[in-house]
1. Somewhere in region 188-203, is a residue surrounded by 15 or more Cβ atoms within 10 Å (Cβ to Cβ) and in a helix (DSSP H, G or I)?
2. Restricting the search to region 17-30, which residues are closer than 14 Å to A41 by Cβ and over 23 Å from the mean Cα position of the chain (by Cα)?
3. Taking the criterion of being farther than 25 Å from H180 by Cα, open to solvent by 60 Å² or more (accessible area, probe 1.4 Å), of a type in the set (A, V, I, L, M, F, W, C) and in contact (Cβ under 8 Å) with a residue 12 or more places away in the chain, would at least one residue in region 50-59 satisfy it?
4. Restricted to region 1-48, and to residues that are of a type in the set (S, T, N, Q), outside any helix (DSSP H, G or I) and modelled with pLDDT of 90 or more, which residue is least open to solvent (accessible area, probe 1.4 Å)?
5. For H172, indicate whether it is surrounded by 14 or more Cβ atoms within 10 Å (Cβ to Cβ) and over 19 Å from F60 (Cα atoms).
6. For region 84-105, does any single residue satisfy the condition of being under 21 Å from L194 (Cβ atoms), without any contact (Cβ under 8 Å) to a residue 40 or more places away in the chain and open to solvent by 60 Å² or more (accessible area, probe 1.4 Å)?
Amino acid sequence: MATPARIPLPEPDTMTPEQRKVLEAVLNGRRGALIGPLRAALHNPALADRWQQLGEILRFKTVFPPALNELAVLVTARRWNSELEWVIHAKAARDAGLPEPIIAAIRDRQSPVFADEACREVYDYVRSLQNDGTVSDDCYDAIVKRWGAVGVVELTALTGYYVMVSLTLNAHRIPLPEGHKPELYPTGPSDPTLTPIPVSAGR
């Protein structure tokens, strides 16, 4: 049985007009469903509206192909032990073509092996931000060289956005959508201890 959220989550039949307006924007957008942190953010409809707009840009409208976007999200989800974020974005990563061994390595806190240099660069950038709060010149310059200034701005924003998502999901204990099973901790609650993300194993 799923653990209930710590706060009441607005349902369509009890929403205010302002909340319903945000719901309709989400349902008519790329997401197509209201799940995850927006369920909590709806307690402040103005926050939820801006949140969903920012999330749509960072998830669907960056210079990065979907597989690399989802790679960055998975690294973030694993760093913060965010089960719901992991479950949703592991599927999105598979659908986008991110190789299963990379997904499994991140899930199991192992060092991924990358055949694609662009994948390794994104992993290293997000890993450094998550572990150290900054990145080296070499790590930064690799993203700029391949994706330009817009790419390094977007990747940094994407990483920070999904930290906010992870912490929101964790703090409020937003449950998994119906029909989904946990993947990070299938047999029980997560260990709250955070483990640094391992370095990549190269090519």
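1. No, every residue in region 188-203 fails to be surrounded by 15 or more Cβ atoms within 10 Å (Cβ to Cβ) and in a helix (DSSP H, G or I).
2. E18, Q19, K21
3. yes
4. T16
5. Values: surrounded by 14 or more Cβ atoms within 10 Å (Cβ to Cβ): yes; over 19 Å from F60 (Cα atoms): yes.
Yes.
6. There is no residue in region 84-105 that is under 21 Å from L194 (Cβ atoms), without any contact (Cβ under 8 Å) to a residue 40 or more places away in the chain and open to solvent by 60 Å² or more (accessible area, probe 1.4 Å).
The values are calculated or read from the model by the stated rules, or taken from the named source; none is laboratory data. Computed from a predicted model, the values in this text were never measured in an experiment. Counting neighbours? That spans all protein chains shown, and the Cβs are built from the backbone with ideal geometry, glycine included. Side chains are part of the model used for accessible areas, which takes the heavy atoms of the whole protein and leaves out ligands, DNA and RNA. Shrake-Rupley method; radii C 1.70, N 1.55, O 1.52, S 1.80 Å.
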